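Read the structure below first, then the notes.
Any read-out appearing in this document is the output of simple, stated calculations on the displayed coordinates, not a laboratory observation. Since we're looking at a predicted model, the values are computed, not measured. Every residue, glycine as well, gets a Cβ built from its backbone with ideal geometry; the counts of neighbours run over all protein chains shown.
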Amino acid sequence: MRGVEQHPALYDRVVQPLDTGKLGAWRRQIFASLSGDILELGVGTGLNLPAYNASARVIGVDVELDLVRRARDRGAPVLVGNGERLPFPDAAFDYVTSALVFCSIPDPAQALREVARVLRPGGRLIQLEHTRTNHALPDALLDLITPLWSTVAGGCHPNRDTPALLLDAGWQVLRHDRRLGGLIRLLEALPPARP
Ligand SMILES: C[S@@+](CC[C@H](N)C(=O)[O-])C[C@H]1O[C@@H](n2cnc3c(N)ncnc32)[C@H](O)[C@@H]1O
């Protein structure tokens, strides 16, 4: 079902104002120090692109062509592609990044397998994600609003537990900062060792 996330102008109108506040600061906090070859998964309209430093070689990927066109206008190379089947060879990137994405990917466990595949040895996944809080009352509310939210937003699940997905898939979480009582997480993780 299509929603806010699939409409570039509408998405920017909703999210861009948040970037002038804390969201923009968190983006810079976690992405600005990265260098080397970086794949941004679910790049959307490219709102995260200004967070990188000038020396980072960033390529974006997203499933939605309209969003990809908008992100290209923001000056980065961006491909149409699915995070569950990334159009890149093995061990191609030093970092994979995601900002507000793992709430929307239909099969996040499969996307994590793909991220692990395209990372070089020692490469890391760096994430700024909104998640369930792991506190009973707010999570009950998130569970309640998820069906409606998901319809309006176009596939986003605000009750997803992205840190638990990482741990369940055998990732080593090196950094896990909670913001807004756990609604926002800043994560850095190493994939499970290759067999
Ligand atoms: C909330 S938006 C975030 C966009 C951008 N990262 C940002 O920070 O503003 C979520 C994005 O994930 C993308 N997405 C959802 N499922 C995907 C998938 N399977 N593969 C790649 N991108 C996906 C959506 O198209 C959308 O652009």
Query - Residues Thr45, Thr162, Thr20, sorted so that the one with the fewest Cβ neighbours within 10 Å comes first - result: Thr20, Thr162, Thr45
Report task. Before rounding to the nearest 500, sum -39500 (n - 2.57) across all DSSP H runs of length at least 4 in the chain and divide by the residue total; then give [θ] at 222 nm in deg cm²/dmol. Result -> -10500 deg cm²/dmol
Report summary line: Across Asp168, Asp62, Asp19, the residue with the highest GNM fluctuation in the chain (Cα network, 10 Å cutoff) is Asp168
Report task. Output the antiparallel fraction of DSSP beta bridges having both residues in segment 4-190, as a percent to the nearest 5. Result -> 45
Query raised in the report: How high is the relative contact order of segment 4-190, in percent, counting Cα pairs under 8 Å that sit 6 or more residues apart?
Result: 19
Requested in this report: Identify which of Ala109, Ala153, Ala164 has the largest mean-square fluctuation in a Gaussian network model of the chain, with springs joining Cα atoms closer than 10 Å.
Outcome: Ala164
Report task. Take each uninterrupted DSSP H stretch in the chain, measure its Cα extent along the helix axis, and return the ones at 30 Å or beyond whose mean Kyte-Doolittle hydropathy is at least 1.6. Result -> none
Query raised in the report: Taking a ≥ b ≥ c as the square roots of the eigenvalues of the Cα gyration tensor of the chain, is the shape rounded (a/c under 1.5), prolate (a/b larger than b/c) or oblate?
Result: rounded
Query raised in the report: Could you put Leu65, Leu125, Leu49 in order, starting from the residue whose Cβ has the fewest other Cβ atoms within 10 Å?
Result: Leu65, Leu49, Leu125
